[in-house]
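The values are calculated or read from the model by the stated rules, or taken from the named source; none is laboratory data. Values in this document were obtained by computation on a predicted structure and should not be read as measured data. For neighbour counting, all protein chains shown are included, and Cβ atoms are generated from backbone atoms with ideal geometry for every residue, glycine included. Remember, those area values only see protein heavy atoms, side chains included, never the ligands or the DNA or RNA. Shrake-Rupley method; radii C 1.70, N 1.55, O 1.52, S 1.80 Å.
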Amino acid sequence: MSINIALDGPSGAGKSTIAKKAAAKLQYVYVDTGAMYRSIACFILEKGVDLNDTEKVIAALPEISIKLAYTDGAQHVLLNGEDVSDKIRTPEISMGASKVSAVPEVREFLLDLQKNIAKENNIIMDGRDIGTVVLPNADVKIFLTATAEERANRRFKELQEKGDSSTYEEVLRDIEQRDYNDTHREIAPLKKAEDAVEIDSSDLTLDQSVDEVCRVIEETLKKKSADETKSAGEEKSKKSDRKPRKLAPVRPITKERKLGHFHMFWYTVLRVIVNALYHIYYDISFEGTENIPKDGGNIFASNHRSYQDPVFAALPTRVPMSFMAKEELFKQNKAFALLIKTFGAFPVTRGSGDTAVIDTSIEKLEKGRNLTIFPEGTRSKDGKVGKGKTGVALIAAIAQTKVVPVGINFKGSKLKFRSKVVVRFGKPIIPEEIGATSTDTKALKIIKNTIMEKITELVHD
């Protein structure tokens, strides 16, 4: 199992240099997430796109390929095959990185790459939201900081050595501006994780900073190991008396409540209009619609390919859908947030164990609405079905309601005008019929595995 170290802090605190040296000392892989955002900013600037034009920035993402290569322990950043390791270290690129990192689609674009690297290696990853967003379960979290003046002085000397003509005053202004941008952005702002150890390097030399970071890492890991050993011993002694753990009581929905005639009338009218528009824009077809229940209070579990998936799953259904959407979408734009709420969306905080969302889901089902859930959690760019999470199984087990598997199919990583889309609906899965009548671990595993198997069967050419 890999060991993950999250190192966060403001611009110019020396995160990259210190993390790199600490990783070499501990024989870990160093991951510079800032370099990834810098690479995107570099590409956008070279393309001549205004960094403030969010739509054009997002549109350029499919053209970008970022890879981290390691030669003799040194990290090299490859942007579309070009080594830009030195090129991306200018004040202009730094400010550009701050701007693009505030775009949710950019952060999501890089999130999978960062998490995959962390899964496969013992790593030290530095950035601004590693301990809070990217690796919330990191083994060790460190918040490295220093005064703005000291950070500006360090960056100024670094730029001078490279022949950059920037003045100290300009560098200090950039540092202060970036601090403001990073701490005030709506999406994943810079902040110290609650369980992070803070290290102030203002009065420390580089070697002292590296030693302090390594000391914190080694002591934290040693303490965690001792705690885990103690916990494992206690767990083993209690194992014989343990009963299967249930996450929540089963409370089957009644399906007696139905949406009002007025609500259903306007939903039917809207569905006809949207259906027509989607058939104009996409070459869309539906298979297995006979498997769609005519009543409400059902769960539709689908693979996740695009932002259009909630609409694709809802178009053939007679009863309005509710669906979970990541919390960030409700913070981007008030008009957009109101729109998706109108169409049944409600927020969920990913990776946080948001238990309130379970109650909200049951409430939607009890009111007679259907519920769409994407068990994978994130979109698949290659069309392959991922592992799937337990949330959908827990909701189905509590409500003891039907789960309709859905397979959304189209070629390529991105939808285009007149893309061929095939949406398949499988036969409903009934928890009671597959022996899952409680919320204990065994029952949830049965439901989740059955759902993911059925979805996978529906995802094919």
Meets criteria (in a loop (DSSP other than H, G, I, E, B) and touching a residue at least 12 places away in the same chain (Cβ under 8 Å)) for Arg424: no
Given the conditions (1) in a loop (DSSP other than H, G, I, E, B); (2) exposed (fewer than 12 other Cβ atoms within 10 Å of the Cβ); (3) of a type outside the set (Asp, Glu), and given that Lys192 satisfies all but one, which numbered condition is not satisfied? (2)
Please count how many residues of region 156-173 are in a helix (DSSP H, G or I), at pLDDT below 90 and of a type in the set (Asp, Glu). 2
Residues of region 397-438 that turn out to be more than 18 Å from Phe374 (Cα to Cα) and among the hydroxyl-bearing types (Ser, Thr, Tyr), as a count: 3
Anything in region 248-275 that is open to solvent by less than 80 Å² (accessible area, probe 1.4 Å), touching an Asp or Glu at 6+ places or on another chain (Cβ under 7 Å) and of a type in the set (Lys, Arg)? List them, or say none. Lys255
Restricting attention to region 439-451, does a residue exist that is in a loop (DSSP other than H, G, I, E, B) and touching a residue at least 12 places away in the same chain (Cβ under 8 Å)? yes
Looking at Ser85, is it within 30 Å of Ser165 (Cα to Cα), surrounded by 15 or more Cβ atoms within 10 Å (Cβ to Cβ) and touching a His at 6+ places or on another chain (Cβ under 8 Å)? yes
For residues that are modelled with pLDDT under 80 and within 14 Å of Val274 (Cβ to Cβ), tally how many sit in region 303-339. 1
Residue among Lys427, Lys414 that is touching a helix residue (DSSP H, G or I) at 6+ places or on another chain (Cβ under 9 Å), at pLDDT below 90 and loosely packed, with under 15 Cβ neighbours inside 10 Å: Lys414
Counted residues in region 103-117 being under 28 Å from Lys331 (Cα atoms), among the hydrophobic types (A, V, I, L, M, F, W, C) and open to solvent by less than 40 Å² (accessible area, probe 1.4 Å) come to 4
Sort out which residues of region 133-155 are crowded, with 22+ Cβ neighbours inside 10 Å, modelled with pLDDT of 90 or more and more than 19 Å from Glu218 (Cα to Cα), and write them in order of number. Ala146, Arg151, Ala152
Subset of region 285-327 [more than 25 Å from Lys416 (Cβ to Cβ), within 17 Å of the chain's Cα centre (by Cα) and surrounded by fewer than 17 Cβ atoms within 10 Å (Cβ to Cβ)]: Glu327
Just give me the residues in region 162-186 being over 29 Å from the mean Cα position of the chain (by Cα) and open to solvent by 100 Å² or more (accessible area, probe 1.4 Å), in sequence order. Lys162, Ser165, Glu169, Arg173
With the requirement that a residue be within 17 Å of Leu61 (Cβ to Cβ) and among the acidic types (Asp, Glu), what does region 101-133 give you? Glu105, Glu108, Asp112
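Condition check ((1) assigned to a helix (DSSP H, G or I); (2) open to solvent by 50 Å² or more (accessible area, probe 1.4 Å); (3) modelled with pLDDT of 90 or more; (4) more than 18 Å from Lys141 (Cα to Cα)) across all residues:
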{"residue": "Pro10", "(1), (2), (3), (4)": "no, no, yes, no"}
{"residue": "Ala19", "(1), (2), (3), (4)": "yes, no, yes, no"}
{"residue": "Ala41", "(1), (2), (3), (4)": "yes, no, yes, yes"}
{"residue": "Glu46", "(1), (2), (3), (4)": "yes, yes, yes, yes"}
{"residue": "Ala60", "(1), (2), (3), (4)": "yes, no, yes, yes"}
